Amino acid sequence: MRISIIGSGNVATHLAVALFNRGHVIGQIWSRDITHAKMLSDRVQAQPINDLSQLDTNAYVYILAISDDALYEVAPTLRLGDALVLHTSGATPIDVLKTASSRYGVLWSPQTFVRDVALDYGELPFCIEGNTPQVDEDIKEFIGMISTHIYHTDFQQRQYLHLSAVLVNNFTNCLYGMAQQICGEHDIPFEILHPIITTTAQKVRWGDVRFQLTGPAIRKDKKTLQAHRALLADDPQLLKLYNDLTRLIQTRMNVK
């Protein structure tokens with residue numbers, strides 16, 4: 001199957017490599033920066049381009065793995081007949097592609113992609129939506145070559161899932177960063193916290209996470225909470241975050 005990928009960033013890289021490794025032909029890689037297009041093209045034996053007027057019209061699938069804002073700029077310029085055209089955004093409606101092809105849809109994975117960090121593609125969840133039931137089936141068959149964890153989600157579901165992904169990934173990583181900074185400022189190896197981070201992530205597979213909460217907030221250990229607040233007295237922004245999260249745990253998570 002011949003595939004063209006519009007984009008050369010993290011998502012584009014992982015999809016291109018995953019599909020190439022399964023024997024598919026990556027015809028072209030487009031990027032505004034031809035250097036970026038060439039870097040990815042070299043990995044998957046594709047033609048690098050930086051002008052959409054050079055886009056071949058003989059690919060079976062076109063994947064737009066670009067930023068949400070760029071989707072609104074690029075998609076209206078495409079005229080790809082009845083090729084399967086997909087975007088990879090969790091926060092953009094399907095209709096952004098309605099003029100690009102008669103067969104269009106969404107192929108989004110709620111995963112954090114880092115260009116050179118390997119992933120087990122067979123374990124990746126993919127959320128799909130097609131503009132017709134047949135396109136749904138076409139997308140499912142296409143991405144089934146990579147993973148069997150496929151879920152049909154409409155735009156509203158995808159928005160809520162995207163929001164949830166931000167909470168569990170981006171916001172959590174921000175908290176990791178705050179903890180790492182505190183440890184660094186006090187000559188504490190951050191690696192001491194690696195096991196608790198790993199265990200906490202694994203616990204989400206054990207059922208309702210509200211029943212798994214531990215710590216001073218859920219126990220309402222007033223002396224410990226006050227001691228933590230004292231340590232954060234010189235950082236009003238982090239102190240407010242600590243207080244807000246403590247309040248959230250006690251009012252929304254306290255189901256015991």
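Values quoted throughout were computed directly from the atomic coordinates according to the rules given, and no laboratory measurement underlies them. Note that the structure is a prediction, hence the values are computed from the model and not measured. With ideal geometry, Cβ positions are generated from the backbone for all residues, glycine too; neighbour counts draw on all protein chains shown.
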Check: lysines near Lys203 by alpha-carbon distance under 24 Å, same-chain residues fewer than 8 away left out - which ones?
Finding: Lys220, Lys256
Check: Considering the chain as a Gaussian network with a 10 Å cut-off on Cα pairs, which listed residue, Pro189, Pro133, Pro216, attains the greatest mean-square fluctuation?
Finding: Pro216
Item checked: In sequence order, calculated HN-Hα J values of the range 75-82 (Karplus, 6.51, -1.76, 1.60; Hz; x Gly/Pro) -> 3, x, 8, 8, 9, 10, x, 10
Check: What does the charge dipole of the range 1-119 about its Cα centre add up to, to the nearest 20 debye, if the Cβ of each Lys and Arg holds +1 and the Cβ of each Asp and Glu holds -1?
Finding: 300 debye
Notebook entry, point to check: Which ordering of Cys183, Cys127 is given by a fewest-first count of other beta-carbon atoms within 10 Å?
Noted result: Cys183, Cys127
Next item on the list: Starting from the amide H of Gln47, placed 1.01 Å from N in the peptide plane, find each other amide H under 5 Å away whose residue is 5 or more places distant or on another chain.
Entry: Gln28, Ile29
Item checked: Of Gly144, Thr99, Thr88, farthest towards positive along the dipole that unit charges on Lys, Arg, Asp, Glu beta carbons give the range 71-165 -> Thr99
Next item on the list: Enter the mean projected area of the convex hull around the alpha-carbon atoms of the chain, in nm², rounded to one decimal.
Entry: 16.5 nm²
